Amino acid sequence: MMRPDLSTRIAGIFHGPIATPWADKAPTAIHKSPVHGLQQIDFDGFTGDAQADLTVHGGADKAIHHYASDHYRLWQDEEEMPLTSVPAAFGENIASLGMTEDTLCIGDILRLGTAVVQISQGRQPCWKLGHYTGNTRMPYLFQKTGRTGWYYRVLEPGTAQTGDTITLMERRQSGWTVQRVTRARLTRKISPEDAAVLARMEDLAAGWRAAFTCMAEGDTGEDTRARLIGARE
């Protein structure tokens, strides 16, 4: 399979601790700050970073979140974010320019510094995103625009720092861009045939494969209130 010549540099790396910034809401680690120097990456992601709820963030399939800084200007031009907004405003771990959801595919294997990572899924926006950005429409806008960023699983631990190169090493699922798959997952608008292909795609995160299995069987309903509104049982 042909591999596009795709490479960029890390513009920023961000870590954050678990905190409880909102009364009567679950804890979060969405607030990330820049870190400098070599950062260790293991199978759970950056060793200096934290995730508050491993059922929705973190873990092997969502070890590192990468967001394209290319999108910030679009959000600002649309007046959905202040002009002062800078990377990590969405809680991402990595910022860069030149790689986006429509140039990367599920299953892509990249060298990140000295580590080797693989794109496992896009991001499912939740209520925390709206609270953190101060724009309660942001979870909806993430879904509408497809500007969600993506998650990596770590195949080979290593180190990375700002300025290091991110390079595409292998393309395994040509045509299944992050944007295409994420849009299908979030909107649940997909043919049963395509859903069946994604349900069998081992490079895709296990949770998303399960969701596409349901869609392939004709079940496209999903209660998203807890994710988007923050409803608690």
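The values are calculated or read from the model by the stated rules, or taken from the named source; none is laboratory data. Here the structure is a predicted model, which means the values were calculated and not measured. Cβ: placed from backbone, ideal geometry, glycine included. Neighbour counts: every protein chain shown. What goes into the accessible areas is simple: the full protein's heavy atoms, side chains included, and nothing from ligands, DNA or RNA. Shrake-Rupley method; radii C 1.70, N 1.55, O 1.52, S 1.80 Å.
Of the residues in segment 104-133, how many are aromatic (Phe, Trp, Tyr) and without any contact (Cβ under 8 Å) to a residue 60 or more places away in the chain? Walk me through it before giving the result.
Kept after step one, since they are aromatic (Phe, Trp, Tyr), are these residues of segment 104-133: 127, 132.
Checking which are without any contact (Cβ under 8 Å) to a residue 60 or more places away in the chain leaves us with none.
Matching residues across segment 104-133 total 0.
Return the residue satisfying two criteria in turn: it lies in segment 1-28 and is small (Gly, Ala, Ser), in a loop (DSSP other than H, G, I, E, B) and in contact (Cβ under 8 Å) with a residue 40 or more places away in the chain, and of such residues it is most open to solvent (accessible area, probe 1.4 Å).
Taking segment 1-28 first, the residues small (Gly, Ala, Ser) are 7, 11-12, 16, 19, 23, 26.
So of that shortlist, the ones also in a loop (DSSP other than H, G, I, E, B) come out as 16, 23, 26.
Then keep just the ones that are in contact (Cβ under 8 Å) with a residue 40 or more places away in the chain; that gives 16, 26.
On the way: GLY16: 6, ALA26: 27 Å².
Only one residue tops the list, namely ALA26.
Filter segment 126-146 down to the residues that are within 21 Å of PHE46 (Cβ to Cβ) and not aromatic (Phe, Trp, Tyr) and list them by number. It would help to see each step written out before you state the result.
Initial filter on segment 126-146 (within 21 Å of PHE46 (Cβ to Cβ)): 126, 128-129, 132.
Listed by number, the residues that qualify are CYS126, LYS128, LEU129.
Quick one: which of GLN161, GLN179 is surrounded by fewer than 20 Cβ atoms within 10 Å (Cβ to Cβ), of a type outside the set (D, E, K, R) and touching a residue at least 24 places away in the same chain (Cβ under 8 Å)?
On the way: GLN179 fails: surrounded by fewer than 20 Cβ atoms within 10 Å (Cβ to Cβ).
Answer to the selection: GLN161.
Out of the residues in segment 142-170 meeting the condition of being at pLDDT 95 or above and among the hydrophobic types (A, V, I, L, M, F, W, C), tell me which one is farthest from GLY107 (Cα to Cα).
ALA160
The conditions are (1) in contact with a Gly (Cβ under 8 Å, 6 or more places away or on another chain); (2) touching a residue at least 40 places away in the same chain (Cβ under 8 Å), and THR136 fails exactly one of them. Which is it?
(2)
Is it fair to say GLY48 is on the phi > 0 side of the Ramachandran plot, touching a residue at least 24 places away in the same chain (Cβ under 8 Å) and not in a strand (DSSP E or B)?
Details: on the phi > 0 side of the Ramachandran plot: no; touching a residue at least 24 places away in the same chain (Cβ under 8 Å): yes; not in a strand (DSSP E or B): yes.
So GLY48 does not fit the description; no.
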